[in-house]
Amino acid sequence: MEKTIEILSLEHFIHHVLCLSEKLNSPDFVWYRGVSNACHSLTPSLYREPFNSLLHQELPVLEPKDAPTPDHPTTLSEGGRKNIYRMEQSMDARFMTQSESFLRKKQIESTPMNRYLLKQHYSGKTRLLDWTESPLLALFFALNDEQSTETKNDAKVSALLPLRLNNFSITRLLQFERPELEKKLQLKSEKVFQLNVLPTIPKEFVKKPLLNKEDIISLDALFGKYYHLRFSKDEKMYPFAFLPNYLDERMTAQKSCFTFFGNIITLKESLSEQERLSEEEKFLFSMIIPSICRDRILNELKTMGITLFSIYPDLDGLSKSINDKHLSEIIENKKSQESWNLIESSFPAGGNLTNP
């Protein structure tokens, strides 16, 4: 289970963010993600609909590509896993061919990960999950979900410690690949495996062991393993965190960062493992915003300059921000008029509010 705090105001939220930062040891830092419904799981978009019925199981795991499919599959993880692979490959191929002019115009190098990041950032289905380095932006995303009608639900902001997540996830990969390293891994020697820094995207993916002869993690092998979903039976590829290249103004404005999912389709399994970790190793916390507080905290954020235009710094974001401001004014005027009508109705017919 995540450690959960209830948030009642913007001031309250900022207080808890600062408290969390003060408790961390250097070089730990925090990423944030806001969702409009506190019940939503931390699952990437590619996995949400196909595996929705399995998200509450003890261990939702995608099986290897070459695993045999039963004649009469009983779950989607058995019968539909090959469709997941085909669907992602098909979407990647289509995005690659049809995004080429956009990439050239923006002078963005057409590499597999650049295209994958852009696909994620513009609502394509991927195995990436968006996070931000800004807690206020995450709170805004949680409270101002344009496509959601769930304004009566509690919202949630999750706080992730990405270095701790990577120590958790990559250590388990290494334990599977190199069981003889078990004792060394138990020493938690972050310097040996370079788990005290966040990985950045390499230009090429190479199929080779995760560790080289000097026991240094190969980033091109790590990203290639996740991008191509290469894993063996019984191997668990928990999500890992990485820093992206900022490819456009939106990613820069939103201070974007990502977790890359493997065959573990939700963070739920990671959370069940987190229960067995020490306080210094726990990597995920959450803050719940009760539905009754949503509108007030959202207005406080807008007063502080967090708007749709600050998140989407283009003409689309500007137009949405202007529309949002005028809609708020219309709603406030309507509330004022309704209050005035209520006051007038409390006086006798023909009465005058100015009469003694």
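Results, tabulated for the structure shown:
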{"quantity": "Neighbours by Cβ (under 6 Å, 6+ apart or cross-chain): first from the stretch 274-294, more than 27 Å from E11 (Cα to Cα); second of a type in the set (K, R) and part of a loop (DSSP other than H, G, I, E, B)", "calculated": "Q274/K282"}
{"quantity": "Unique match (being over 28 Å from F309 (Cα atoms) and in contact (Cβ under 8 Å) with a residue 24 or more places away in the chain) among L117, L165", "calculated": "L165"}
{"quantity": "Qualifying residue in the stretch 318-328 (condition: modelled with pLDDT of 90 or more and assigned to a helix (DSSP H, G or I))", "calculated": "no"}
{"quantity": "The stretch 284-295, residues that are charged (D, E, K, R) and surrounded by 14 or more Cβ atoms within 10 Å (Cβ to Cβ)", "calculated": "R294"}
{"quantity": "Which numbered condition M304 misses (of (1) crowded, with 16+ Cβ neighbours inside 10 Å; (2) closer than 26 Å to H12 by Cβ)", "calculated": "(1)"}
{"quantity": "In the stretch 7-44, the residues that are among the charged types (D, E, K, R) and either modelled with pLDDT of 95 or more or not assigned by TED's automatic domain parsing to the domain that holds L136 (or both)", "calculated": "E11, R33"}
{"quantity": "Residues of the stretch 97-124 satisfying the condition of being buried (at least 19 other Cβ atoms within 10 Å of the Cβ) and either at positive phi or among the aromatic types (F, W, Y) (or both)", "calculated": "Y116"}
{"quantity": "So F223, is it of a type in the set (F, W, Y), in the same structural domain as D130 (by TED's automatic domain parsing) and within 16 Å of L174 (Cβ to Cβ)", "calculated": "yes"}
{"quantity": "Qualifying residue in the stretch 158-176 (condition: in the same structural domain as F285 (by TED's automatic domain parsing), surrounded by fewer than 15 Cβ atoms within 10 Å (Cβ to Cβ) and either within 24 Å of the chain's Cα centre (by Cα) or at pLDDT below 80 (or both))", "calculated": "no"}
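Here is a yes/no grid of residues against (1) out of contact with any helix residue (DSSP H, G or I) (no Cβ under 7 Å at 6 or more places or on another chain); (2) within 25 Å of E109 (Cα to Cα); (3) among the charged types (D, E, K, R); (4) surrounded by fewer than 19 Cβ atoms within 10 Å (Cβ to Cβ):
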position: L198; (1), (2), (3), (4): no, yes, no, yes
position: K207; (1), (2), (3), (4): no, yes, yes, yes
position: D215; (1), (2), (3), (4): no, no, yes, yes
position: S232; (1), (2), (3), (4): yes, no, no, yes
position: Y238; (1), (2), (3), (4): no, no, no, no
position: L243; (1), (2), (3), (4): yes, yes, no, yes
position: R250; (1), (2), (3), (4): no, yes, yes, yes
position: I265; (1), (2), (3), (4): no, no, no, no
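The values are calculated or read from the model by the stated rules, or taken from the named source; none is laboratory data. Small disclaimer: the values here were computed from a predicted structure and weren't measured. All Cβ positions, even for glycine, are placed from backbone atoms using ideal geometry, and neighbour counts span all protein chains on display.
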